[in-house]
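The values are calculated or read from the model by the stated rules, or taken from the named source; none is laboratory data. Just so it is clear, the structure is predicted and the values come from calculations on it, not from any experiment. Using ideal geometry, Cβ is built from the backbone for each residue, glycine included, and neighbour counts are taken over all protein chains shown.
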Amino acid sequence: MPSPNQHIAEFLAYLEKEKRGSVHTLRCYRSDLNQLVRFLEKNFGDADLYHVKPEALRTWVVEMMKEGKAPRTIHRKVSAYRTFVRHAKRAGEMQTDPAESVPLPKLEKRLPTVVSEHAMRDLFSEDVFGTDWKGRRDRSVLALLYETGIRLSELIALKVVDVDANRHELRVWGKGAKERRVPLLPETLNSIQDHLNSRPYESEWLFVSDAGRSMYPSFVYRRVNHYLKEVSTLQQASPHVLRHTFATHLLNRGAELSAVKDLLGHASLNSTQVYTHHSLARLKEFHQASPLNSRSGEGD
């Protein structure tokens with residue numbers, strides 16, 4: 001009989017080949033499922049993921065809550081198992097989802113972190129970036145993240161051939177190897193071309209590390225965090241913050257939600273609607289300051 005590790009390996013192979021799962025995604029699924037296996041072995045003596053009892057999963061959730069794990073972390077780990085179950089059901093190995101009736105801790109509504117528009121103007125108008133090839137690379141990287149809203153994994157996967165200078169477009173390979181094209185401003189195209197002309201390394205990749213190798217997530221994180229701390233008060237600023245910022249600024253300027261959805265590569269509008277909360281919050285600020293608000297002049 002195949003072991004739990006073999007079941008997990010088959011599931012991860014499916015995600016990689018059929019769903020084009022990223023290295024980061026596969027690593028997270030492997031970690032979460034292995035944690036469940038260890039919990040089942042320790043507490044129930046049976047780690048068969050195909051025959052898990054709902055009571056065992058409820059006990060797992062309770063233990064994670066006692067350990068102080070964040071609600072979002074618990075939701076993610078249970079979701080990893082539910083994705084495993086969906087694959088097992090399609091393969092005929094399972095009939096029901098043991099996690100379906102398992103109660104999970106309530107999630108707090110959390111707005112995405114966004115950099116202000118004036119801070120982004122300062123980033124690209126002041127002498128923040130160096131004038132050598134590394135500075136030009138960094139400027140192009142942050143410009144693309146902010147101007148297109150692409151994901152970190154999509155940025156790292158970009159190749160020189162994905163830039164269409166004639167059409168002012170960028171070809172992006174999203175989740176599930178889905179291709180989409182996003183527009184580029186002439187200034188950004190010029191920045192990318194200056195970077196490519198000045199870098200001392202030949203490579204098929206659009207962006208490379210200081211040593212000329214393909215970029216990796218922690219490298220991009222460090223560069224983005226460094227520059228955004230120069231123009232904002234954020235203590236930790238990830239590439240995903242620029243994705244949030246891109247979507248929010250577009251909606252604030254009147255872009256249609258469906259258009260932002262397509263640019264972000266979201267499968268449904270549900271994922272995009274989170275950014276409307278920032279726009280509504282900004283509208284409320286305008287209402288508070290409006291002359292039509294009888295309280296707006298109080299205390300002046």
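Things worth noting here:
- Near pairs, Cβ below 8 angstrom, 6+ apart or cross-chain, from segment 81-99 (in contact (Cβ under 8 Å) with a residue 40 or more places away in the chain) to any residue that is of a type in the set (Ser, Thr, Tyr): 83/29; 84/29; 87/14; 88/50; 93/50; 94/50; 99/81
- Scanning segment 178-216 for residues that are part of a helix (DSSP H, G or I) and of a type in the set (D, E, K, R), we see that the one that is modelled with the highest pLDDT is 194.
- Inter-residue pairs, beta-carbon under 6 Å, first under 18 Å from residue 205 (Cβ atoms) and in segment 178-194, second of a type in the set (D, E, K, R), 6+ apart: 188/147; 191/139; 194/136
- Scanning segment 234-242 turns up at least one residue that is more than 18 Å from the chain's Cα centre (by Cα) and without any contact (Cβ under 8 Å) to a residue 24 or more places away in the chain.
- Cross-chain or 6+ apart pairs with Cβ under 8 Å, segment 133-160 first and without any contact (Cβ under 8 Å) to a residue 60 or more places away in the chain, then among the acidic types (Asp, Glu) and part of a helix (DSSP H, G or I): 143/187
- Boolean, residue 17 is over 23 Å from residue 100 (Cβ atoms) and assigned to a helix (DSSP H, G or I): yes
- Residues in segment 140-177 that are among the hydrophobic types (A, V, I, L, M, F, W, C), part of a strand (DSSP E or B) and within 17 Å of residue 191 (Cα to Cα): 163, 170.
- Segment 145-195, subset acidic (Asp, Glu) and loosely packed, with under 15 Cβ neighbours inside 10 Å, residue farthest from residue 248 (Cα to Cα): 164
- Residue 200 in the same structural domain as residue 138 (by TED's automatic domain parsing), within 18 Å of residue 137 (Cβ to Cβ) and surrounded by fewer than 12 Cβ atoms within 10 Å (Cβ to Cβ): yes
- Residue 75, sole failed condition from (1) part of a helix (DSSP H, G or I); (2) in contact (Cβ under 8 Å) with a residue 40 or more places away in the chain: (2)
- Unmet requirement for residue 59, which otherwise passes all of (1) loosely packed, with under 15 Cβ neighbours inside 10 Å; (2) under 18 Å from residue 97 (Cβ atoms): (1)
- Considering segment 106-115, and only residues there that are surrounded by 15 or more Cβ atoms within 10 Å (Cβ to Cβ) and aliphatic (A, V, I, L, M), the residue that is modelled with the highest pLDDT turns out to be 115.
- If the condition is being over 29 Å from the mean Cα position of the chain (by Cα) and surrounded by fewer than 15 Cβ atoms within 10 Å (Cβ to Cβ), then segment 94-105 contributes 95, 96.
- Hits in segment 16-47 (condition: aromatic (Phe, Trp, Tyr) and touching a Leu at 6+ places or on another chain (Cβ under 9 Å)): 29
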